[in-house]
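Peer 1: Take a look at this one; I'll ask things after.
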Amino acid sequence: MTTALLLVDIQEDFFDQVVEPQRDRLLSSLAKTILLFRRAGQPVVYAITEVTLDPDTRMPHWRQRDIRRCLAGQPGSRVPTDLAPLKEELVVVKPFFSAFSQLSLEGSLRGMGVERVVVAGLHTHACVYQTALEAYARRFQTLVAVEAVGSYDPLQAAVTLDYLAQRLVPSLGLSQLRAFLSGETARRSDVARVSEALFGLVGKCGWRGIGPTHLDSPWPLRRRAGLELPALFGPGDFSGR
(Lines give C-alpha, C1' and ligand atoms only; values in the text may rest on other atoms or scores of the structure.)
Protein backbone atom coordinates (compact mmCIF):
# COMPACT_ATOMS: atom_id res chain seq x y z
CA MET A 1 0.00 0.00 0.00
CA THR A 2 1.26 3.47 -0.87
CA THR A 3 1.41 5.72 2.19
CA ALA A 4 1.95 9.46 1.77
CA LEU A 5 3.39 11.75 4.41
CA LEU A 6 1.29 14.93 4.24
CA LEU A 7 3.13 17.85 5.84
CA VAL A 8 0.92 20.77 6.81
CA ASP A 9 2.17 24.34 7.30
CA ILE A 10 5.75 23.55 8.33
CA GLN A 11 6.70 27.18 7.77
CA GLU A 12 8.69 29.69 9.79
CA ASP A 13 5.73 31.90 10.71
CA PHE A 14 3.95 28.92 12.25
CA PHE A 15 7.01 27.53 14.02
CA ASP A 16 7.32 30.89 15.75
CA GLN A 17 3.97 30.22 17.49
CA VAL A 18 4.63 26.67 18.71
CA VAL A 19 4.54 26.02 22.48
CA GLU A 20 4.69 22.21 22.56
CA PRO A 21 6.97 20.59 21.68
CA GLN A 22 9.90 22.98 21.65
CA ARG A 23 11.02 24.10 18.22
CA ASP A 24 14.31 22.15 18.09
CA ARG A 25 12.67 18.91 19.18
CA LEU A 26 9.84 19.33 16.67
CA LEU A 27 12.25 20.13 13.84
CA SER A 28 14.27 17.03 14.69
CA SER A 29 11.18 14.80 14.78
CA LEU A 30 9.90 16.18 11.49
CA ALA A 31 13.30 15.64 9.84
CA LYS A 32 13.40 12.02 11.05
CA THR A 33 9.84 11.40 9.84
CA ILE A 34 10.55 12.88 6.41
CA LEU A 35 13.73 10.81 6.09
CA LEU A 36 11.84 7.67 7.07
CA PHE A 37 9.36 8.13 4.24
CA ARG A 38 12.00 9.04 1.68
CA ARG A 39 14.08 5.99 2.52
CA ALA A 40 10.98 3.81 2.24
CA GLY A 41 10.28 5.23 -1.22
CA GLN A 42 6.94 6.66 -0.12
CA PRO A 43 5.59 10.06 -1.27
CA VAL A 44 6.23 13.18 0.79
CA VAL A 45 3.73 15.95 0.09
CA TYR A 46 3.83 19.54 1.37
CA ALA A 47 0.73 21.67 1.92
CA ILE A 48 1.68 25.26 2.69
CA THR A 49 -0.04 28.56 3.34
CA GLU A 50 1.04 31.42 1.10
CA VAL A 51 -0.91 34.66 0.78
CA THR A 52 -0.69 38.03 -0.93
CA LEU A 53 -1.99 41.47 0.03
CA ASP A 54 -2.77 42.71 -3.48
CA PRO A 55 -4.98 40.99 -4.31
CA ASP A 56 -5.77 40.08 -0.72
CA THR A 57 -5.88 36.27 -0.59
CA ARG A 58 -5.84 35.97 3.20
CA MET A 59 -8.52 34.07 5.08
CA PRO A 60 -11.35 36.38 6.19
CA HIS A 61 -10.36 36.35 9.88
CA TRP A 62 -6.74 37.16 8.98
CA ARG A 63 -7.95 40.02 6.82
CA GLN A 64 -10.19 41.33 9.58
CA ARG A 65 -7.30 41.31 12.09
CA ASP A 66 -4.72 42.34 9.51
CA ILE A 67 -2.64 39.22 10.22
CA ARG A 68 0.32 39.10 7.83
CA ARG A 69 1.74 35.61 8.16
CA CYS A 70 3.12 33.55 5.30
CA LEU A 71 3.30 36.40 2.80
CA ALA A 72 4.52 35.13 -0.56
CA GLY A 73 8.25 35.68 -0.99
CA GLN A 74 8.84 36.62 2.65
CA PRO A 75 11.05 34.66 5.10
CA GLY A 76 8.08 33.66 7.25
CA SER A 77 6.50 31.67 4.42
CA ARG A 78 9.56 29.47 3.94
CA VAL A 79 9.96 25.85 4.99
CA PRO A 80 13.05 25.48 7.23
CA THR A 81 16.06 24.40 5.19
CA ASP A 82 16.43 21.02 6.91
CA LEU A 83 12.82 20.17 6.06
CA ALA A 84 12.69 21.60 2.54
CA PRO A 85 11.02 19.58 -0.23
CA LEU A 86 13.05 17.79 -2.85
CA LYS A 87 12.68 18.92 -6.43
CA GLU A 88 10.42 16.00 -7.32
CA GLU A 89 8.13 16.26 -4.27
CA LEU A 90 4.65 17.74 -4.56
CA VAL A 91 4.01 21.14 -2.96
CA VAL A 92 0.47 22.56 -2.90
CA VAL A 93 -0.70 25.95 -1.66
CA LYS A 94 -3.85 25.79 0.44
CA PRO A 95 -6.25 28.73 0.90
CA PHE A 96 -7.77 27.62 4.23
CA PHE A 97 -7.04 25.31 7.17
CA SER A 98 -7.20 21.91 5.53
CA ALA A 99 -4.67 20.75 2.97
CA PHE A 100 -7.67 19.52 0.99
CA SER A 101 -8.92 23.09 0.59
CA GLN A 102 -6.48 22.95 -2.33
CA LEU A 103 -8.91 21.00 -4.46
CA SER A 104 -6.25 19.43 -6.65
CA LEU A 105 -4.69 17.55 -3.72
CA GLU A 106 -7.02 14.55 -3.64
CA GLY A 107 -6.57 13.90 -7.35
CA SER A 108 -2.80 14.18 -7.03
CA LEU A 109 -2.75 11.66 -4.18
CA ARG A 110 -5.00 9.26 -6.09
CA GLY A 111 -2.74 9.64 -9.11
CA MET A 112 0.20 8.47 -6.99
CA GLY A 113 -1.79 5.43 -5.87
CA VAL A 114 -1.98 6.70 -2.29
CA GLU A 115 -4.38 4.80 -0.03
CA ARG A 116 -3.04 5.82 3.37
CA VAL A 117 -2.17 9.33 4.57
CA VAL A 118 0.02 10.20 7.55
CA VAL A 119 -0.54 13.80 8.63
CA ALA A 120 2.18 15.86 10.34
CA GLY A 121 2.92 19.54 10.90
CA LEU A 122 1.26 22.60 12.45
CA HIS A 123 -0.96 23.26 14.29
CA THR A 124 -2.37 20.07 15.79
CA HIS A 125 -5.70 21.54 16.89
CA ALA A 126 -6.28 23.51 13.68
CA CYS A 127 -4.83 22.67 10.26
CA VAL A 128 -3.57 19.18 11.18
CA TYR A 129 -7.00 18.37 12.63
CA GLN A 130 -8.91 19.69 9.61
CA THR A 131 -6.61 17.87 7.21
CA ALA A 132 -6.91 14.56 9.06
CA LEU A 133 -10.71 14.76 9.17
CA GLU A 134 -10.93 15.56 5.47
CA ALA A 135 -8.53 12.75 4.55
CA TYR A 136 -10.71 10.38 6.58
CA ALA A 137 -13.88 11.69 4.89
CA ARG A 138 -12.28 11.01 1.51
CA ARG A 139 -11.77 7.35 2.51
CA PHE A 140 -8.01 7.47 2.92
CA GLN A 141 -6.72 5.41 5.82
CA THR A 142 -5.54 8.24 8.04
CA LEU A 143 -2.92 8.44 10.77
CA VAL A 144 -1.27 11.27 12.67
CA ALA A 145 2.51 11.29 13.23
CA VAL A 146 2.25 12.27 16.89
CA GLU A 147 5.94 13.09 17.35
CA ALA A 148 5.88 15.34 14.29
CA VAL A 149 3.00 17.68 15.17
CA GLY A 150 3.03 20.83 17.28
CA SER A 151 0.66 23.43 18.63
CA TYR A 152 0.47 26.74 20.48
CA ASP A 153 -2.42 25.29 22.54
CA PRO A 154 -1.28 21.99 24.11
CA LEU A 155 -4.60 21.22 25.84
CA GLN A 156 -6.61 21.67 22.66
CA ALA A 157 -4.00 19.63 20.79
CA ALA A 158 -4.39 16.72 23.22
CA VAL A 159 -8.20 16.86 23.04
CA THR A 160 -7.94 16.93 19.24
CA LEU A 161 -5.76 13.81 19.07
CA ASP A 162 -8.15 12.05 21.42
CA TYR A 163 -11.13 13.05 19.26
CA LEU A 164 -9.43 11.75 16.12
CA ALA A 165 -8.41 8.47 17.77
CA GLN A 166 -12.04 7.78 18.67
CA ARG A 167 -12.80 8.00 14.96
CA LEU A 168 -10.11 5.50 13.91
CA VAL A 169 -7.54 8.17 13.10
CA PRO A 170 -4.86 6.96 15.54
CA SER A 171 -1.68 8.79 16.43
CA LEU A 172 1.52 6.79 15.99
CA GLY A 173 5.08 7.42 17.06
CA LEU A 174 8.12 7.13 14.84
CA SER A 175 8.83 3.49 15.69
CA GLN A 176 5.23 2.53 14.90
CA LEU A 177 5.38 4.37 11.59
CA ARG A 178 8.61 2.56 10.81
CA ALA A 179 6.77 -0.73 11.39
CA PHE A 180 4.03 0.34 8.96
CA LEU A 181 6.50 1.29 6.28
CA SER A 182 8.62 -1.83 6.72
CA GLY A 183 5.59 -3.98 6.07
CA GLU A 184 4.78 -5.02 9.61
CA THR A 185 1.07 -5.05 10.40
CA ALA A 186 -0.20 -2.64 13.03
CA ARG A 187 -3.63 -3.34 14.45
CA ARG A 188 -5.66 -0.27 13.61
CA SER A 189 -8.62 -1.73 15.49
CA ASP A 190 -6.68 -1.73 18.74
CA VAL A 191 -7.39 1.93 19.45
CA ALA A 192 -6.94 1.52 23.20
CA ARG A 193 -3.34 0.32 22.79
CA VAL A 194 -2.51 3.19 20.43
CA SER A 195 -4.14 5.68 22.78
CA GLU A 196 -2.14 4.37 25.75
CA ALA A 197 1.09 4.87 23.83
CA LEU A 198 -0.02 8.28 22.70
CA PHE A 199 -0.89 9.62 26.12
CA GLY A 200 2.27 8.19 27.63
CA LEU A 201 4.06 10.44 25.16
CA VAL A 202 1.75 13.35 25.99
CA GLY A 203 2.73 12.97 29.66
CA LYS A 204 6.42 13.06 28.75
CA CYS A 205 5.86 16.26 26.77
CA GLY A 206 4.76 17.99 29.95
CA TRP A 207 1.05 18.45 29.32
CA ARG A 208 0.26 18.33 33.00
CA GLY A 209 -3.07 17.20 34.33
CA ILE A 210 -3.54 14.80 31.41
CA GLY A 211 -2.32 11.27 31.89
CA PRO A 212 -2.63 7.94 30.07
CA THR A 213 -6.18 6.99 29.30
CA HIS A 214 -8.27 4.35 27.54
CA LEU A 215 -11.00 5.16 25.07
CA ASP A 216 -13.67 3.43 27.17
CA SER A 217 -15.74 6.55 27.74
CA PRO A 218 -16.49 9.64 25.67
CA TRP A 219 -14.16 12.60 25.87
CA PRO A 220 -11.77 11.04 28.46
CA LEU A 221 -9.36 13.94 28.16
CA ARG A 222 -12.06 16.44 28.98
CA ARG A 223 -12.95 14.41 32.05
CA ARG A 224 -9.32 14.25 33.20
CA ALA A 225 -8.89 17.95 32.54
CA GLY A 226 -11.90 18.72 34.73
CA LEU A 227 -14.09 19.85 31.84
CA GLU A 228 -17.80 19.18 31.48
CA LEU A 229 -18.77 16.15 29.40
CA PRO A 230 -21.54 16.73 26.89
CA ALA A 231 -24.74 15.34 28.43
CA LEU A 232 -25.62 14.14 24.94
CA PHE A 233 -23.21 11.21 25.20
CA GLY A 234 -23.74 8.11 27.26
CA PRO A 235 -21.00 5.63 28.24
CA GLY A 236 -19.42 4.08 25.20
CA ASP A 237 -21.38 6.24 22.78
CA PHE A 238 -19.02 7.80 20.26
CA SER A 239 -21.70 8.87 17.81
CA GLY A 240 -21.17 12.56 18.52
CA ARG A 241 -19.25 14.65 16.05
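Peer 1: Within 11 Å, Cβ to Cβ, of E106, how many net charges do the neighbouring residues add up to if Lys/Arg are +1 and Asp/Glu are -1?
Peer 2: +2
Peer 1: For the range 80-146, state which GluC sites (Glu not before Pro) are in a DSSP loop and have at most 10 other beta carbons lying within 10 Å of their beta carbon.
Peer 2: Answer by residue number: E88.
Peer 1: Could you do me a favour and compute the accessible area per residue for the range 30-155, 1.4 Å probe, result in Å²?
Peer 2: 48 Å²
Peer 1: Continuing with this model, one more query. Counting only protein heavy atoms and a 1.4 Å probe, tell me what percentage of the range 79-147's accessible area is made up of carbon and sulfur.
Peer 2: Carbon and sulfur together cover 53 percent of it.
Peer 1: Please work out how much length the chain gains when fully extended from E106 to S175, using 0.36 nm per residue of separation minus the C-alpha to C-alpha distance, in nm with one decimal.
Peer 2: Length gained between E106 and S175: 22.1 nm.
Peer 1: Could you sort 13-19, 49-55 so that the peptide with the highest average Cβ count within 10 Å comes first and the rest follow in order?
Peer 2: Per-residue Cβ counts within 10 Å, averaged per peptide and sorted highest first, yield 13-19, 49-55.
The values are calculated or read from the model by the stated rules, or taken from the named source; none is laboratory data. Keep in mind the model is a prediction, meaning the values are calculated, not measured. As a convention, Cβ positions derive from the backbone with ideal geometry for all residues, glycine included, and neighbour counts pool all protein chains shown. To get the accessible areas, we keep the full protein, side chains included, count just its heavy atoms, and leave off ligands, DNA and RNA. Shrake-Rupley method; radii C 1.70, N 1.55, O 1.52, S 1.80 Å.
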